[in-house]
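Have a look at the structure below before the remarks.
The values are calculated or read from the model by the stated rules, or taken from the named source; none is laboratory data. On a predicted model such as this, the values are computed, not experimentally measured, just so you know. Here Cβ is always computed from backbone atoms with ideal geometry, including for glycine, and neighbour counts include all displayed protein chains.
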């Protein structure tokens, strides 16, 4: 299993929206590095830290898991979409997405300022200056630390199963 952090502005799509919808396609990613991570590395069952960006405060607000991979992002072909790519070719799609499924909304956010104060998270991509990637790999150790700080019920239940 791999671990990821995926950013969304809560006004565009929040953890509450994911909870209500149960799943969502992670469309609209227009960064090649993020696209390549979703296309080439994400696997079904990978865990995701759901991060609210451009929020006050920004931070990790819940958990999701990758439920489908290798999906063509339909927004690239939709001229009405702000993610439309006029160079995208239906025969050879440029933008690929994954689907994520809701797992848990944290009772308490693990804010970006709080994460910056946690020495154990040193090296985590979201804490690095200029790291704006909307899809980022996360180490298992960092994932578990954030879940523990948030009081994740899912992570607690997995520990008791072992």
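Computed quantities for the displayed model
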item: Filter result (free of Cβ contacts under 8 Å to residues at least 24 places away in the same chain and surrounded by 14 or more Cβ atoms within 10 Å (Cβ to Cβ)) within the stretch 37-77; result: 76, 77
item: Filter result (more than 22 Å from residue 16 (Cβ to Cβ) and in contact with a strand residue (DSSP E or B) (Cβ under 8 Å, 6 or more places away or on another chain)) within the stretch 91-112; result: 93, 95, 96
item: Segments classed as strands (runs of 3 or more DSSP E), wholly inside the stretch 23-110, with at least 3 members that are modelled with pLDDT of 95 or more and under 19 Å from residue 136 (Cβ atoms); result: 47-52, 59-72
item: Hits in the stretch 114-126 (condition: in a helix (DSSP H, G or I) and touching a strand residue (DSSP E or B) at 6+ places or on another chain (Cβ under 8 Å)); result: 114, 115, 125, 126
item: Hits in the stretch 53-81 (condition: under 14 Å from residue 7 (Cβ atoms) and touching a helix residue (DSSP H, G or I) at 6+ places or on another chain (Cβ under 7 Å)); result: 57, 58, 59, 60, 61, 62, 64
item: Complete set of residues in the stretch 1-22 that are farther than 17 Å from residue 60 by Cβ and either part of a strand (DSSP E or B) or touching a strand residue (DSSP E or B) at 6+ places or on another chain (Cβ under 6 Å) (or both); result: 22
item: Residue list for the stretch 2-19, filter: touching a residue at least 60 places away in the same chain (Cβ under 8 Å) and surrounded by fewer than 17 Cβ atoms within 10 Å (Cβ to Cβ); result: 16, 19
item: Test: residue in the stretch 139-162 that is surrounded by 13 or more Cβ atoms within 10 Å (Cβ to Cβ), under 17 Å from residue 34 (Cα atoms) and touching a helix residue (DSSP H, G or I) at 6+ places or on another chain (Cβ under 8 Å); result: no
item: Check on residue 119, modelled with pLDDT of 95 or more and within 25 Å of residue 56 (Cβ to Cβ); result: yes
item: Checklist (1) under 11 Å from the mean Cα position of the chain (by Cα); (2) closer than 29 Å to residue 116 by Cβ applied to residue 101, failing item; result: (2)
